[in-house]
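**Q** Please see the structure below; I have some questions.
The values are calculated or read from the model by the stated rules, or taken from the named source; none is laboratory data. A quick note: this is a predicted structure, and the numbers were derived from the prediction, not measured. Note that we place each Cβ from the backbone using ideal geometry, even for glycine, and neighbour counts take in every protein chain shown. Note: accessible area is taken over every heavy atom of the protein model, side chains too, but ligands, DNA and RNA are not part of it. Shrake-Rupley method; radii C 1.70, N 1.55, O 1.52, S 1.80 Å.
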Amino acid sequence: MQAASVRYESWFDTGLLDTQLAGATDTLPVFREFLEQGHAILKEKFSSSISAPVLIHARSWLVDQLLVRAWLAFMQEYAGTAAFVAVGGYGRSELMPGSDIDLLVLLPDDADDRFNSGLESLLTFLWDVGLEVGHSVRTIDDCVEQSLADITVATNLMESRLLAGAAGLYQRMCASVAPAAIWNSRDFFEAKHREQAARHLKYNDTAYNLEPNIKEGPGGLRDIQMIAWVTNRHFGTDSLEELVSHGFLTREEYHTLVEGRNFLWEIRFALHSLTGRGEDRLLFDYQRTIAGQFGFHDSTDQLGVEAFMKQYYRTVMELSRLNEMLLQLFQEEILLPGEPVEIIPLNNRFQSRSGFIEITDSSIFRNYPFALLEIFLLLEQNPELKGVRADTIRAIREHRHLIDDTFRKDLRARSLFMEIIRQPRGVTHELRRMNGYGILAAYLPVFKEITGLMQYDLFHAYTVDEHILFVVRNLRRLTLPECTDELPLCSKVMTTIPKPELLYIAGLFHDIAKGRGGDHSELGCQDARRFCALHDLSKYDTSLVEWLVRQHLLMSSTAQRQDISDPVVVNRFARIVEDPVRLDYLYLLTVADIRGTSRELWNTWKDALLRQLYYNTRRALQRGLEDPLERAEKIQQVQQEARQRLTDATPPAGQPDRLWATLDDDYFLRHTAEQVVRHAQLLDGRPGTGNCIVDARAVPERGSTEIFLYARAEDRLFPMITAVLEQLGLNIVDAGIITTADGYILDTFHVLEASGEPADDPLRVEEIRTALLQEITRDDQVEWHVSRRMPRQYRHFPIKTRIEFKQDPNDQRTIMELITADHPGLLSQVGQAFTECGIRLLNARITTLGSRVEDVFQVTDLNDQPLTDADQINCLENALHKHLDSDADTPTSFAI
């Protein structure tokens, strides 16, 4: 249904309104009732599938009726001397349910105080009616002055329309701010182009944010308005269809633009209706509900909300492509005319025109389809090129259909693609451009399946295709000299990689099978194998790429979930890796993958863990897998080095034999010689309040703040310590629990600030140490409350608690893996469950993935034996569910 065909009088009875106003002594209830009924009608029309384009014009018409009548009633004899003007979105007659109503009261130069009195009464009345108005009061000179100072004012006035009042005054204002007077089309375009770039930067230059702003984000409604503004300023028309007659859009492109805008309008209308306000952020809070309203429901393979968001992302990607092409056309039309044209041939098919690459003939892509890839290679090889000319962008879009199986088998096309990813510069930029133009998905059909695919969780911050390109970007950054300070070891390893392109291929394919069901690593491995075979990679190279895709999660899970100071763990990992070359590739891919998943996911602790596993594995491989380092040998090495350091210390420390006699082998496996020395020095004579010692220090090489505690062993300590640390705003990433033979604990916690950085300020470190010491040495029990404000998004991702027990084949201990929702006091609750069921904690690895935690605990019974009693295991499971499945928003309280 087209807006122009709707007679809004049949929806809103203005005749009845006028009759009621004529007989009312108090008109406020009449205005308010008409508005409320009108909004109810619009809501009902939306529910009955009347389109948003019709409804936003209808709401504008509805508001017009009220404003014009109010203006005449309050301004009386002054109603014809000033102009009552709609501006901004209201000026375009595009009022969403929650949109502000922007108004301009245009005054004659001789307006007096009596006019102002009537205006104040009018504006107060409008707010009382329930209209959220934003207004400005200006003369024509004011409009000119403020338009010159602020282009947003000029833009608002450009979209104005007269509601009531002095038409001549309004027309003089329009002439005074027209392009012939101020902001000619060249200056206007340059300013708006800068404005859009700054706005996109606020949203990380991507349309693929998981909670996108459908109005302001890249590819959103503001980008379409940007096109309309420039069209209006340059051609003097507010019709996007005029771009077809001016040769800026084809008829098909125009329909794509309008369909995309209408889809975003539908979403925005639904958002405003659902929230009852002008909410333009498509938050997790609303995505499921709106997906259901739009007919997207869960299937066996995909959530309805994921299918809905996939359509959204693909829509904004197409709108972004059109926006880029049109802005390039505007640049050529508005900025470049009159400038000297310099044409530089690049080859027979391409040339540079004023710094932009273009095809030499409109038939190039039809006659030489491989040129659809060649253009991106030329952009890499000629970094002085500023971009692609608009007619060539359109030609690329129009010839994408030529990329079929025959094209993919063409040796020229295959060679060009491999050359694109082998180039020393521009790889990431051109892959992104290929993705934006739809070429990457056309050449790699499996990539098309994950284009715009979101994963409905808080762990993955980007859609799958965006994540993959971020991973490749992260890998490329390791080759840049200016980026070596970011990750020095990774940059150094990168220089030793014999074929970086294999790493980039693995990056492209590591998550390419997401959303298909099954093991995405295995399915992606099969896709990678087919790609390598098609592109004539050697058997060795193909095997390496396959292995990297299959094992891309191995190093991350080993480092974060296992004790990588244990030679058994390292040797097991080394046997899977097999050789140093694989280790180098896997290490780099792992770092790039984590850093490309979410900005919050990477931190100094993970950096240190992966570095430690890399070095330990490299030593194991150099030593030889047939002669692995045994635990006893490592223990002996640690003890010998620690003893020598203690002897060489100034002043010499006492010999540690009495302390070491109370410790088991686990202590020496988990701690470095440096840690062992520090502990011995701290415990020499066992000083400290109440025979308790708390030591805290930042440890840069571990990427964390290390807290060491020595105290009499008590069941309450682990819940209390974790509660204190969490209340201090610290995230625990590792906990090692050692109990001596004479009943003391030597616990080591590694913590990070909420920012992901170690606590290294001396005052902050002392605050941590003092708080722990005070609580550990208290004689009385106190009620501790662990409260932490959880992100609102967590409410939308309910996570069922899962607990799994495994017996460690190499040790007398049980591995308990816990998956649950993150919430305040979680570790304290786990500690309480251990205490209630007679469980001894030996070690804990803490991993938080968005709203989900995946923690690994090494535990025994109180006799230091693995858990084999079914009743004890049931007790622990029940206790954990009791503590963890309660309301996550409720502060944790317990006595210590």
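**Q** Where in the stretch 584-690 are there trypsin sites (Lys or Arg not before Pro) that are in a DSSP coil and have at most 13 other Cβ atoms within 10 angstrom of their Cβ?
**A** ARG599
**Q** Between ASP885 and ILE576, what length comes free when the chain is fully extended (0.36 nm per residue of separation minus the Cα-Cα distance, one decimal in nm)?
**A** Stretched out fully, the ASP885 to ILE576 stretch lengthens by 107.5 nm.
**Q** Tell me, for the chain, which Cys residues have no other cysteine's C-beta sitting closer than 4.7 Å.
**A** Isolated Cys, the chain: CYS143, CYS174, CYS483, CYS490, CYS525, CYS532, CYS692.
**Q** Place +1 on the Cβ of every Lys and Arg and -1 on the Cβ of every Asp and Glu in the chain, take the dipole about the Cα centre, and give the residue among GLY292, ILE334, ALA442 whose Cα lies farthest towards its positive end.
**A** Selected residue: ALA442.
**Q** Next question. Which percent of the accessible heavy-atom area of the stretch 1-135 goes to carbon and sulfur, probe 1.4 angstrom?
**A** Carbon with sulfur: 49 percent of the solvent-accessible area.
**Q** At a Förster distance of 35 Å, what's the computed FRET efficiency of SER362 paired with ALA180, Cβ-Cβ distance as r, to 0.05?
**A** 0.45
**Q** When only C-alpha pairs under 8 Å and at least 6 residues apart count, what is the relative contact order of the chain, in percent?
**A** 6
**Q** Ranked highest first by the average count of other Cβ atoms within 10 Å around their residues, in what order do 566-577, 368-379 fall?
**A** 368-379, 566-577
**Q** Also: Extending each Cα 7 Å along its Cβ direction at ASP391 and ASP298, get the distance between those two points in nm, one decimal.
**A** Placing both labels 7 Å beyond Cα along the Cβ direction yields 5.4 nm.
**Q** How much area per residue is accessible in the stretch 1-75 when the probe is 1.4 Å and only protein heavy atoms are counted (Å²)?
**A** Ligands and nucleic acids excluded, the result is 50 Å² per residue.
**Q** Report the calculated FRET efficiency for GLN774 and THR496 (r = Cβ-Cβ distance, R0 = 45 Å), to the nearest 0.05.
**A** E between GLN774 and THR496, to the nearest 0.05, is 0.35.
**Q** Oh, and also: Once you put a point 7 Å from the Cα of GLU33 and another 7 Å from the Cα of ASP410, both along the Cβ direction, what distance in nm separates them?
**A** Going by the 7 Å Cα→Cβ label model, 7.2 nm.
**Q** Turning to a different aspect of this structure: Sequence gap at least 6, Cα distance under 8 Å: using those rules, report the relative contact order of the stretch 184-331 to the nearest whole percent.
**A** 27
**Q** So, one more: Counting Lys and Arg as +1 and Asp and Glu as -1, each charge on the Cβ, what is the dipole of the chain about the Cα centre in debye, to the nearest 20?
**A** 2180
**Q** As a test question: what accessible area, to the nearest 10 Å², does THR848 have when a 1.4 Å probe is rolled over all protein chains in place?
**A** 60
**Q** Please give the FRET efficiency for GLN644 paired with ASP871, using the beta carbon to beta carbon distance and R0 = 51 Å, rounded to the nearest 0.05.
**A** Once rounded, the FRET efficiency stands at 0.55.
**Q** Can you give me the span-like helices of the chain, meaning DSSP H runs with 27 Å or more of Cα extent along the axis and Kyte-Doolittle mean at or above 0.0?
**A** Span-like helices here: 52-75, 304-330.
**Q** Moving on. Per the 1.4 Å probe, what fraction of the accessible area of the stretch 243-306, in percent, lies on carbon and sulfur atoms?
**A** Carbon with sulfur: 45 percent of the solvent-accessible area.
**Q** How many angstrom lie between the C-alpha centres of the stretch 57-131 and the stretch 693-764?
**A** Spelled out, the Cα-based centre of one part sits 63 Å from the other.
**Q** Ok, one more. Which of the peptides 246-258, 22-34 is most tightly packed, and how do the rest follow, judged by the mean count of other Cβ atoms within 10 Å per residue?
**A** With the highest mean Cβ count within 10 Å placed first, the list reads 246-258, 22-34.
**Q** Separate question: Can you pull the percent of the stretch 546-623's accessible area that's carbon plus sulfur, 1.4 Å probe, other chains left in place?
**A** Exposed carbon and sulfur together represent 46 percent of the surface.
**Q** What's the magnitude of the charge dipole for the stretch 399-470 around its Cα centre, counting Lys and Arg as +1 and Asp and Glu as -1 at the beta-carbon? Answer in Debye, nearest 20.
**A** With Lys and Arg at +1 and Asp and Glu at -1, about 360 debye.
**Q** So, for the stretch 531-593, what is the accessible surface per residue at a probe of 1.4 Å, expressed in square angstrom?
**A** I get 32 Å² per residue for this part.
**Q** Oh, and also: Only one of the values (i) 177; (ii) 223; (iii) 198 was calculated from this structure for volume of the Cα convex hull per residue in Å³; name its label.
**A** Label of the calculated value: (ii).
**Q** Can you list which of the GluC sites (Glu not before Pro) found in the stretch 401-493 are DSSP loop residues with at most 16 other C-beta atoms within 10 Å?
**A** GLU486
**Q** On to the next question. Using 0.36 nm per residue of separation minus the Cα-Cα distance, give me the extension gain between ILE803 and ASP205 in nm, one decimal.
**A** Once the chain is fully extended between ILE803 and ASP205, it gains 211.2 nm.
**Q** So with the 1.4 Å probe, I'd like the accessible area per residue for the stretch 397-506, rounded to whole Å².
**A** 40
**Q** Shifting gears a bit: In terms of Cα to Cα distance under 30 Å, which lysines are near enough to LYS514, apart from those fewer than 8 places away along the same chain?
**A** Output for LYS514: LYS202, LYS215, LYS310, LYS409, LYS448, LYS499, LYS539, LYS606, LYS800, LYS806.
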